[in-house]
Each structure stands twice: as structure tokens, then as C-alpha cells.
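Okay, structure first, notes after.
The values are calculated or read from the model by the stated rules, or taken from the named source; none is laboratory data. No experiment lies behind these values; they were computed from the predicted model shown. Note: ideal-geometry Cβ built from the backbone for every residue, glycine included; neighbour counts use all protein chains shown.
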Amino acid sequence: MNLYDIPAHLPFLDCLAAGVLRAVPGEAPERLSRVTILLPTRRSARALRVAFLRAAVAPEARGHDHGRALLLPRLRALAGLSTEDADELALPALLDLPPAVDPLRRQAVLAGYITRLPKERGGPATPEQSWSLAGALGTLLDEIALEEKDLDLLAGSPPEELNDRWLDRLEKLVPETHATHWQITLGFLRGVMAQWQHWLAQEGLLDIGMRRAQALRAQTRAWQQDPPPDPVIAAGIGVGGTIPAAEELLRVVATDLPRGCVVLHGLDAGSTEERVWNAIREAPTHPFCGQQRLLHQLGATREDVKRWPGCTPPEATPLAVPEGRPALLGMALRPAAGLPAWQSRRPAEWRPALEGLTQLTAPDAQAEAVAIALTLREALEDPKARAALVTPDRDLARRVSAELARHGVTADDSAGEPLGETPAGAFLRLLARAAAAELAPVPLLAALKHPLCAGGWERPRWLSAVRRLERAALRGARPAPGLAGLRAAARAGLASWRPVHGSGQSPPPTGRPGEAQQEALAEVMALLDTLEAALGDFAALPEGEARPPRDLLASHLTTAEALAATDLMPGGLRLYAGEEGEALAGHLAALEPAMAAMPPIAAAAWPALFDSAMDGASAPSLRATRGREHGAHPRVEILGLLEARLLTFDRVVLGALDETVWPLATDPGPWMSRPMRRDFGLPEPEARIGRVCADFLLAACSAPVAVLSRAARRGGAPTVPARWLTRLETFLQGQEGLALPASPAMGWAGLLDRPARVEPCARPAPRPSREQRPERISVTQVETLIADPYAFYARQVLRLYPLDPLDADAGVLDYGNLVHAAMAGFVRRLSDQPWPGEDAAREWWREAAREALAEASPRPGLAAFWGPRLDRIGTFAVEQEAALRRGAGPIASRVEVKGELPLRLDGRTVVLQAKADRIDILPGGLRILDYKTGEPPSAEAVKDGRKPQLTLEAAIAAAGGFEGVPAADAAALLYWRLSGGPKPGEERAAVTEAWLVRQIADQAQTELMGLIADFLLGNRAFVARPHPKRAPAGSDYDHLSRLAEWAGAEDARGGA
């Protein structure tokens, strides 16, 4: 039996290449091309080519022939020896087998069967759940075929007979012993498997797992019947375990082929005790369990495994790790039977094994990525060094890739990028969500602003139109559904677009206001016309309409291609361009016949089903190189566990060593429980932990410098260290306090963004020129000028206006506007009229409230909520008006009345503006009211000048500045609090004595003159928040003034 081993501390591929070259005479280089080498992955096959080139120039490998060109062996990737990464061996004996069913088509057909299971019996509630369950069922069917131990039955029986045998096993699982839902599941599973096999027979196809297993068995028989005369080497296969058909293939290679051999990787030489050796075979989570079981199936013992002839002494191998490192890790990971050896204290033996091995513990995933990137970058200081991150966590891989770009290093994740997260895949998903949401603002803008979206226009023109649509229709409350709602909202928004100073809206960019409005409206309507033409029947995906998924996919892709087009390039060429687009095109081409096999679904469920159909598919990861002139760095790699097998580096980082990440949580799946899997003959779910544990051990031995990295928190939740780290730390602690050295990378990460000297920024105090300072100010802006001059400067000088949020819920402002509109309509009708009586007044209020609601057009739910509040406010208003007007004759009341007061100083004039909610003209003087739906200011705040709105309005009224209001002193300043709640209304008197009103109005005007002299006509700086005890009404500009930055520094200095 030709069994060999390359120790884990030696570079596997280099030793393999050296041994092959030694075995092939240098005088006959063509013989090397006749050698067949089977490897676990295509990446390892590519890396072996490079290893051959390195070994070819080594004198000990080729003697005097070093430097000659080589005819390389035939390198075959024998992937698929475990359920997760199954693939088939491309050898001639496989050509007679029927083709395998396409994975997407299988999932769609199975999803159709699963949909028939009623919800009350555990069936799926939505199509995407059916799709997910179908994927899990497909995995189970593959596992059943791949784990079949009766190889003669597998090779000699037709698929229908095999299916019957498997159904018999299901019958013998004795459903009475399981819970009721498992009984239902088993009964349903029998029917689905029978239907599925019948469908495959009709189509002339084999199931994926069955074809792979039969392919391996067919190749095994072909080599048994006609052994190849040239060498066949199976290298590095079965480290974490393999399937029975592959075990038989390896047995034939090792025993029946005249020049065949199997080369293992990292055989556990430390477990010399027979009981430990046997215990490993019974411990599925042990890294060498799969390898031990393989040897057991081959009928081999440890003594049958010889050292590979290409293994040079460690000191002669540049990438060799300390020889004791595999033994240290193997000791720490021993099963329970081997734990008594932990009681032996041998720190001197284990200390050298720690050389080059460090641990990195970060507070969170981002800090871990920063530290890992610095570790990889530091390795590149050696111009010949190669470094890699090995991790199953694709989120960590993306973070590290982004952090490496910060250091000028480009590294993409070789495990690929989820197809749905590529630019084109994300565009397709966004379109589906926008259509299902009836073109709601957030999903619609996400699609329209996507870099691929142009609608057949020039991209700059498209973006300009989208931004106009956003400002006109999508900011603020959500418009009515669909394109009709967008058109109505756009017309209404653009009709109210006025370049009024202080209105909160930006002025038109060019030309006169009317021309600018017409231009903007025309462009927005053209955009919506283009969008309507592109969407077609994909414009709405209602819940109650059932449509075939195939038709939905066709409409979806037609829309995407139409919107992806530019004025110079068709949409298909942009959507499917490059390596990512090629992968997307291939996936969508396979998805089309798959969707044809699914029954009709609710149109609204399409986005979720499409997302599920994109899951699992990947594309080449170009995230780091996208938009850069240079490709990926040749000496830095980011690898998944499968891609990293058999590779060696100068430095390696094992990232995300946390439970549920590496290793993943064990899950038997939704179709069989653990006892059912055991009774059926399937391997335990923990076997997968053994495979990734083997990846952990061998990756930790793949470079002289290895960093074991983890994060204390992920996604905001605390994590648990991987069980292997815990065992390693525990074992080392028992060796007289040994421990893994801490990596210095976390210290580097802490210094990365820390300046040598912290110099807080000063409080901003801009000082614009006199020409830039406004010459008009409203009474509401006076309070802002007092409390936060910087906010006044940002709005009135820089003309920066905050945008309304997208798809905003109607809030306090909308409700306040509604109440103001209802009060204005009601009081306007009462003005200059005799009191009509309570009943008539209540009817007038109801009419005013209806008109205000109709103009506001809130969503039905909000209208139903606000209506009763308005009714309660009406009761309060009628009571107040009756007390004022009953028996007093007609009283003039002016509502929403505008006023101005020119203020002259040093030959220049500044105009004070106001818009009073209400002014009652009474015989004893004016009564000025302000409506508040929230808490009104206190009387003290009005009197001491902190809230000068009403007092300045009194000053304007005294000067006759309000339209339709005679010049007169105000006799009272009042607030009406109109909440509509349990206490619907309340009158709050700010000042009710005429002499006091006159006094504080004059005082407010005098103080305003001082502010005008300093800020508007003078040269005073607009300092941010000069009065700590005077908070401004809003905080829209705090981020511009960097309040949190300088305020904290000032507090610290004050405390010092």
C-alpha cells in the first residue's frame, strides 16, 4: 500500500513537487507530463505549478538540469470529497453518465413540490421559504447519495432502485418514536423524493449528488479494470474526511495502481497511544478524525504511512514552521481519552513551539480588520514575503480589503463576492424592491441613483432630473403610490417652489422663477415618462395578483436593461459587463428555466424570492480593485478555508476565530433531526466542525508567523472564543503559565488614527463682509440670532437650508400647519361678523377643518388620527370665540397677517418681518395671539427677551406695520396651546397689561437695534452658541459648527 505523509510543519506543495521531480529521471522530462496528480482544489493545482518551478531550479531536485523548462504533470482538482464542496473529476470514464440537473432548476422543482405542504402542517408561508427549504432538501439528497456506503449498489443500480432503497430506509425510521411534526415531515419527504426521482427519469437527468458519487465510482472501476501505467498521485485529499466513493478511489490508487500513491497531509504523529488513536476516530470534531477514518477504511495502520521522499530537513526549507507547532496544536485538541497527557508539565518542550505564533484579540470586528490589515502590511516590508488572511467570515474579509486599500495595498477576497452584492446584482434587487413598494421614495431613489441607472439618457442629465424629482416629490411625506402619485407630488412640489428669502427653499438656479419652474417640471415629467416606459408591467407588484415567476423575471430583466442603458450603450452591455457581469449573466440564464418550473406566486413576493434565488451564487470579488489603475497585490491574499488548503505563506492570519463563525454552529437541517440522521446512516453534523478544525490546524502551520485573531464583539453582541483557542490557552496555562504572545497589531491600530498632538478646533466664528450680511430679518430669526448666531449665518448668509427627510412620517410640523390652517379658516369666517351662535360656529369649524385636511392630504391613517383631535380643538375654539364675541358686536380679526418694520441705523435700513398667526382689533387695544401645538414659551421667557417673537410683533403693530391693522398698542400677548389631546386647548397669557406690553416691546426693539448694529450692519463674528444657557430652537446646523468637537474641549479646559 503506497501511503505517504508530508508533516504539517513543512510546506506541502513544495515537498510534493520536490518528491515528484526526484522520482522522474531528469534525462526524460516528457515522463513528467505523464504523471497525474489529484488535488483537493483548483487553487492548490495552480499553486503546485509554481511549486514545480521553484523545485525545478533547486540543485538537490534536478542535479545539473536545474533551470530547464518543464513539461508539467497533469494536475486535476478532485474537489467534491465532502458534501459542502462537491465537484466532479474531469476524466474520460465520466462521459458515459447522464448529465446532472442544473442546481437552480432542481431547487425550483423541489420548491414547487414543497409549496403543496399546507401551512398548518409546517408548510412554507411564502415563496422564498419554499425556495430556502428546497435548497436544504437538495443538500440532503446530495448528502444521501454521497454518503452511500454500498458502492456496488450505487454503481450497479438505476436511480429509481436507489431511490426505492432510500425510501425503505425512511420507512424504517419508525416515525412513532419521533415528534408529530417529524412524522409529518417524513411522510411528506417520502412523497417528494418519489416525485423528484420520477421527474429526473422523465428529463433524462441524474441528481447532482448521485452523479458525483457515480462518477467517482465509475472512475474507480475504470482504473481497476485498466490501471494506468504512469504515476497517479492523490495528494492532500481527505484531511478533514471524505465520502465513501472517494475513499474507494483512494484505496484503488494506493493499492491497485502499479505506480499510484496517496500523499496525506499532517498525519497526527503525536497520538502514539492506541487508545488515543482509536478515540480520535470516534471524535467527529477532532481535526484528524476524518483522516483516521480514511485510514481505517483503507485498512491501513500508522506504520503503513511512510514519509514522502520530497520532505527536506526543516532547516533547509524556508517556509517550515517550528516542528513542535503541529504537536502543540494536536495536544491541545486531543479528545477526552488523551487529556491525561495534559497533566505532564513540559514547558521547555512546548516553549519553542510558540515561536512565531501570536494571538490578536480586538474589541470589535472593525478593530480586528484594522489590526489584521496592519499585520499584513507589515509583512510586506520584506520584499519577498507573502502574507494571507484565512477566514470563513466574508464580512471580515471585506473590511480587511477596505483597510488594506488605506495602506496602498489592493487585495480582493478570493472566496468571491455574493452575486447579489455586486453592483449589477444590487441594482436588480433594488429595482424589485422599488416596484414592490409602489415606487416609495427610499427604494425608488436607491434604484434611480444607482451608478448603472441612466434610462437611456446621458448620466449627468439623468442625475440632474432625479435630484429635481427628489426635492420636488420625495422629500417630506410620502406621495401617493405609483407613477400617478409621483406626477401629482412633483407638480405640487414644483408649483410651490419660490425663491423667497428665508422660506427654507433654494432659489431656482438660473433665469426667472417661472421659467425655471417650467424647465424643472418638464425635465421631471420626462424622467417619469422614461421610467414608466421602462417599467411596463413591472411598475406594480400587488399582493393580490398571482403571476408566473418566469414572467416576473422576464419583466424584471427587461426593466433593468432599459434603465441601465445610456445614450451611447445598450443596457445589457452595461449590466453584464466584466467578470462580475459575466457571472450574473450565467446565473440569470440558468434562473430562467428554473423559474419556469415554479407555480404562480403573489407578485408582491417576487423581491424576496429573487433575493433568495441570488443567495449562494458568487462572482469574482473585484471590490478592492474596482476603480483602481492596478490589480491585486501579488503577495497579499484573502482566502476562504477551502481556497487556503495546502498553501503556504511567510505570514498568515487566521481571522474570526469565534464560535458560530469559525467554527460554524452545527445544524442538522430542517428535514431530519439528529437521531433520524443517525438512524438513516448519515454522518453527524459535528463532522463539519472536524473539517474546519483541520483547516484551522493546517492553516496555523502554513506560515512561520501565524496570528490567531478574534473579536470580543460582532454585530454589537458579545462573542465566545473558538473552542480551539480556549483549549490551547487552557493547556498552555497548565504548562507553568505559558501563554500565546499578544500580537502588537492592536497597539499599532490604536496609534493609527491618534495624532501626535491633540489640538481641538476653536469655536467657529465666521465674519462675512458687510455686503454678504442680510438686510431683512424675521421675528422668528431674532431668537436664533441671539441663541446661535452661527445657525443664523448658515441659513441667511450661506443660504444652507435643511432638506426634509425622505419618506418622512407626518410629525409635529405637519400637524401644526394643519391646526394653523383650520384656525385661520375658522377665524377668517368669524371676523367682522356678529356672533352666529354656538351651533353655527361649530359647523363653521367643521368646514374649516375639512378644508384643511383636504389641503394637507395626509395618509388615511393620519387623517383618522388627526380628525378627532381637530374636533376637540374645535370645541375649545368655539368656547373661546363665544366668550370673546357674544354680545360684543362684530370684531375684526386678522389671521396670518404679514407685517414689516423698517429700522434705520447710521443711514442704513434693515427690515424686520413678521407673520402673525392672529391679531384681534379690540376697543381696548390689539390682542396678539400665537398658536402652539406643543408647549408654549413661559411668560418669564417672553418678558426677559429670550422669546421675543410676540414682543417684536407688538412693536410692528404699534408702528402700523401689519397689513389691514391700524397702528395701535397691543393690550395683550397670548398663546393658545392647541394639542387636541385630553385637554384640547388652553390659553396661556404671556403679558396682559398694556403698559407692560409697551415697555417690553420697546425694550425688545432696542435690543434688536443693538443686534442689528453688531451683526447685520457691523462686523461682529457669528459665534456658535455663545450663551450656554440659551438653547436655539433647532439643531440643524450643529454638525456644520462641529459642536461636539469644540464644546467637549472647552468643557475639559473649564474643568481643568
| If you check A234 against the conditions, is it assigned to a helix (DSSP H, G or I), buried (at least 21 other Cβ atoms within 10 Å of the Cβ) and touching a residue at least 60 places away in the same chain (Cβ under 8 Å)? | no
| query | Restricting attention to segment 25-33, does a residue exist that is under 48 Å from the mean Cα position of the chain (by Cα) and modelled with pLDDT of 90 or more? | reply | no
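Every residue, every condition in (1) in contact with a Ser or Thr (Cβ under 8 Å, 6 or more places away or on another chain); (2) of a type outside the set (A, V, I, L, M), yes or no:
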site	(1), (2)
W835	no, yes
A840	no, no
W844	no, yes
A848	no, no
E851	no, yes
G861	no, yes
E881	no, yes
G887	no, yes
A892	yes, no
| request: Hey, can you tell me all the residues within segment 237-281 that are out of contact with any helix residue (DSSP H, G or I) (no Cβ under 8 Å at 6 or more places or on another chain) and either among the acidic types (D, E) or buried (at least 22 other Cβ atoms within 10 Å of the Cβ) (or both)? | output: E274
| said: Can you go through E879, E855, E843, E838 and tell me which one is closer than 26 Å to A488 by Cβ and exposed (fewer than 15 other Cβ atoms within 10 Å of the Cβ)? | reply: E855
| request: Quick one: which residue in L800, L738, L725, L698 is assigned to a loop (DSSP other than H, G, I, E, B), of a type in the set (A, V, I, L, M, F, W, C) and closer than 30 Å to P340 by Cβ? | output: L738
| said: Looking at G964, G934, G945, G924 in this structure, which one is within 20 Å of F826 (Cβ to Cβ), in contact (Cβ under 8 Å) with a residue 40 or more places away in the chain and among the small types (G, A, S)? | reply: G964
| remark: Just one listed residue, out of R293, R302, R307, is in contact with a Leu (Cβ under 9 Å, 6 or more places away or on another chain), basic (K, R) and either buried (at least 17 other Cβ atoms within 10 Å of the Cβ) or not assigned by TED's automatic domain parsing to the domain that holds D393 (or both), and it is R302
| query | Hey, P599 hits all of (1) in a helix (DSSP H, G or I); (2) in contact with a Ser or Thr (Cβ under 7 Å, 6 or more places away or on another chain) but one; which does it fall short on? | reply | (1)
| request: Taking the options A863, A787, name whichever one is assigned by TED's automatic domain parsing to the domain that holds R946, modelled with pLDDT under 95, of a type in the set (A, V, I, L, M) and over 22 Å from D917 (Cα atoms). | output: A787
| query | Does Q197 qualify as being farther than 30 Å from D5 by Cα and polar (S, T, N, Q)? | reply | yes
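Per-residue answers, yes or no, for (1) surrounded by fewer than 17 Cβ atoms within 10 Å (Cβ to Cβ); (2) touching a His at 6+ places or on another chain (Cβ under 8 Å); (3) modelled with pLDDT under 90:
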{"position": "V466", "(1), (2), (3)": "no, no, no"}
{"position": "E470", "(1), (2), (3)": "no, no, no"}
{"position": "A480", "(1), (2), (3)": "yes, no, yes"}
{"position": "A484", "(1), (2), (3)": "yes, no, no"}
{"position": "L494", "(1), (2), (3)": "no, no, yes"}
{"position": "P499", "(1), (2), (3)": "yes, no, yes"}
{"position": "G502", "(1), (2), (3)": "yes, no, yes"}
{"position": "P507", "(1), (2), (3)": "yes, no, yes"}
{"position": "R512", "(1), (2), (3)": "yes, no, yes"}
| What's the number of the condition E84 fails, among (1) outside any helix (DSSP H, G or I); (2) at pLDDT 80 or above; (3) closer than 30 Å to T220 by Cβ? | (2)
| Of the residues that make up segment 981-989, is at least one outside the structural domain of A822 (by TED's automatic domain parsing), more than 25 Å from V878 (Cβ to Cβ) and aliphatic (A, V, I, L, M)? | no
| message | Tell me the residue from T992, T933 that is within 15 Å of H820 (Cα to Cα) and in contact with a strand residue (DSSP E or B) (Cβ under 6 Å, 6 or more places away or on another chain), please. | response | T933
| query | For M595, are the conditions met, namely being in contact (Cβ under 8 Å) with a residue 40 or more places away in the chain and among the hydrophobic types (A, V, I, L, M, F, W, C)? | reply | yes
| Output for segment 843-860, where each listed residue is in a helix (DSSP H, G or I) and closer than 18 Å to S979 by Cα | W845, R846, A848, A849, R850, A852, L853, A856
| task | Kindly indicate whether any position in segment 723-738 is more than 29 Å from D382 (Cβ to Cβ), in the same structural domain as R351 (by TED's automatic domain parsing) and either among the β-branched types (V, I, T) or touching a Ser or Thr at 6+ places or on another chain (Cβ under 6 Å) (or both). | result | yes
| message | Residues that are more than 20 Å from the chain's Cα centre (by Cα) and either of a type outside the set (K, R) or crowded, with 16+ Cβ neighbours inside 10 Å (or both): list the helices (runs of 4 or more DSSP H) wholly contained in segment 339-429 that include at least 1 such residues. | response | 347-350, 365-379
| query | If you check every pair at least six apart or on different chains, which have Cβ atoms under 9 Å apart with a residue in segment 870-881 that is free of Cβ contacts under 8 Å to residues at least 12 places away in the same chain first and a residue that is assigned to a helix (DSSP H, G or I) second? | reply | E879/E838
| Going through segment 529-551 one residue at a time, which ones are farther than 12 Å from G482 by Cα and assigned to a loop (DSSP other than H, G, I, E, B)? | E543, G544, E545, P548
| Which one of these is aliphatic (A, V, I, L, M), buried (at least 20 other Cβ atoms within 10 Å of the Cβ) and in a loop (DSSP other than H, G, I, E, B): V965, V910? | V965
| field | Among the residues listed as E543, E580, the single one being crowded, with 18+ Cβ neighbours inside 10 Å and at pLDDT below 95 | value | E580
| message | If L328 meets every condition in (1) of a type outside the set (S, T, Y); (2) crowded, with 23+ Cβ neighbours inside 10 Å; (3) in contact with a strand residue (DSSP E or B) (Cβ under 7 Å, 6 or more places away or on another chain) apart from one, which number is that one? | response | (3)
| query | Could we say that T666 is in a loop (DSSP other than H, G, I, E, B), outside the structural domain of T185 (by TED's automatic domain parsing), in contact with a Pro (Cβ under 9 Å, 6 or more places away or on another chain) and in contact (Cβ under 8 Å) with a residue 40 or more places away in the chain here? | reply | no
| query | Under 7 Å by Cβ, and 6 or more places apart or on different chains, what pairs join a residue from segment 198-219 that is on the phi < 0 side of the Ramachandran plot and modelled with pLDDT under 90 with one that is among the hydroxyl-bearing types (S, T, Y) and buried (at least 23 other Cβ atoms within 10 Å of the Cβ)? | reply | none
